[in-house]
Amino acid sequence: MYLYLVDQHLHPGKTATTLARIESRLIELGINGKMEKLSVLKSAKELVQDQVREGMKTVVAIGTDALLRQMIAVAAPLNLVVGFIPLGAPIHLAKVFGIPEGGDACDVLSARMIKKIDMGKVNHHYFFSSLELEHPAVRMTFDGKYHINIQSDEPRISVCNFGNIFHGAFSREDLSNPCDGYLETVIRSPQRRSFFGSGTGRDSVFPVRKLMIHAQREAVKLIADHEQVISTPATVEIVPQKLKMIVGKSRWF
Amino acid sequence: MFGKDGGFEGRASGVETVIGPTVHVEGDFVGEQDVLVEGAVTGTLKTKGNLRVGEKAVVEAEVEANSAVIAGTIRGNITVKDKIDLQASAHIEGDLVAQTISVEPGATIRGHCECGTAAKSEAARDNEAMKKKKEVPAMA
């Protein structure tokens, strides 16, 4: 049973025809289901939870990257399968998952090629792309075996599952492998400026399964998927194959 | 494998570790893939992959790897299954065990070196122990 959630921010004039075409195609393929448009009064979480009680197993986001991010956050803890019909803008994630835009995405849904993708978990919150640390005066312990000291002013620290995919455009080289059972802690050095010119030290990369983060002074904020804010102390771990996503053949992983 | 400009590159496969010049690792580092050290490591550094130690890196640890290319400083014993390559700026204070040891002019070593037969014997002993474990019948 399918639940289709339509992005409330889609421009009605520009997308009405495409939406009608999508609905027709879903009926032709025999994968039509309940279609709901999100609004201030209808949140994605409530709609999904209601339909799960009635046996719904697959939720499909029709809209932009922001809606897909929302669907993943709601669906993954409930072990639902997530689909995506890209419509509107931005839809950078469409090419990552190998899904064409608009009505053609219905055929990918119908093929139902499901890929199990890792997710990260920080305290009790799941994240999909990455966890960013603000003003990271922290002590980090990796897999309970070693810790690191960073001898740099204001380094930028990210814990990546998929990479920074929810913050504007990106290229294939920006991605981490989301199915390898590891998170990658990336420590980016700030650019050094001197009389002889500027330069960057090499970034550090640590693959890790479990990471403990403690603040050295005051509590530090961690930002998951550019949305959720969590404070230290934090336990960050990989949850292998947590998210079930319908993908296309031309996906990037 | 490693970005030309030193920047982070997403990888579709493999989980290599890069210890950059501003990072100091303390404790028991155990890896599965290749490791590049350009910073500092104290404690233990073990990997099943290949190890590369940059010119300005300082490693004060017991080191184990499949193969190694050393251009920096290591204070500790080094055990490598295949080949260890000491470049001109390498400085080793500890014992070396490897199948093959290559030393460029200028590299300094203060310790014992074992290569070829000794390393082969150690590998053969490991294989024998593994075979004996497999031959032990399962308990009913």
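The values are calculated or read from the model by the stated rules, or taken from the named source; none is laboratory data. Just so we're clear, the structure is a prediction, and the values are computed from it rather than from any experiment. With ideal geometry, Cβ positions are generated from the backbone for all residues, glycine too; neighbour counts draw on all protein chains shown. To get the accessible areas, we keep the full protein, side chains included, count just its heavy atoms, and leave off ligands, DNA and RNA. Shrake-Rupley method; radii C 1.70, N 1.55, O 1.52, S 1.80 Å.
Here are a few things to note about the model shown:
- Within the range A:92-103, one or more residues are touching a residue at least 24 places away in the same chain (Cβ under 8 Å), more than 20 Å from the chain's Cα centre (by Cα) and open to solvent by 10 Å² or more (accessible area, probe 1.4 Å).
The rows are residues; the columns are (1) aliphatic (A, V, I, L, M); (2) farther than 12 Å from B:Leu96 by Cα; (3) in contact with a strand residue (DSSP E or B) (Cβ under 6 Å, 6 or more places away or on another chain).
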site	(1), (2), (3)
B:Thr42	no, yes, yes
B:Lys46	no, yes, yes
B:Val59	yes, yes, yes
B:Glu62	no, no, yes
B:Val69	yes, yes, yes
B:Thr73	no, yes, yes
B:Thr79	no, no, yes
B:Lys83	no, no, yes
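- With respect to the conditions (1) surrounded by 21 or more Cβ atoms within 10 Å (Cβ to Cβ); (2) more than 29 Å from B:Gly31 (Cα to Cα); (3) modelled with pLDDT under 80, A:Leu175 lacks only one, and its number is (2).
- Applying a threshold of 7 Å to beta carbon distances and a minimum spacing of six or more residues, or different chains, the list of pairs starting in the range B:38-52 at a residue that is more than 10 Å from every other protein chain (Cβ to nearest Cβ) and without any contact (Cβ under 8 Å) to a residue 40 or more places away in the chain and ending at one that is part of a strand (DSSP E or B) and of a type in the set (D, E, K, R) reads B:Lys46/B:Glu64.
- On the stretch given as the range A:55-91, residues that are open to solvent by less than 20 Å² (accessible area, probe 1.4 Å) and not in a loop (DSSP other than H, G, I, E, B) total 19.
- Screening A:Gln151 with (1) modelled with pLDDT under 90; (2) buried (at least 19 other Cβ atoms within 10 Å of the Cβ); (3) under 15 Å from B:His24 (Cα atoms) gives one miss only, at (2).
- Here the range A:102-160 is the region considered, the condition is being assigned to a strand (DSSP E or B) and of a type in the set (S, T, N, Q), and the residue that is farthest from A:Ala234 (Cα to Cα) is A:Asn149.
- Flag if A:Leu38 is modelled with pLDDT of 80 or more, open to solvent by less than 50 Å² (accessible area, probe 1.4 Å) and hydrophobic (A, V, I, L, M, F, W, C): yes
- Residue in the range A:206-213 that is modelled with pLDDT under 90 and closer than 17 Å to A:Ile157 by Cα present: no
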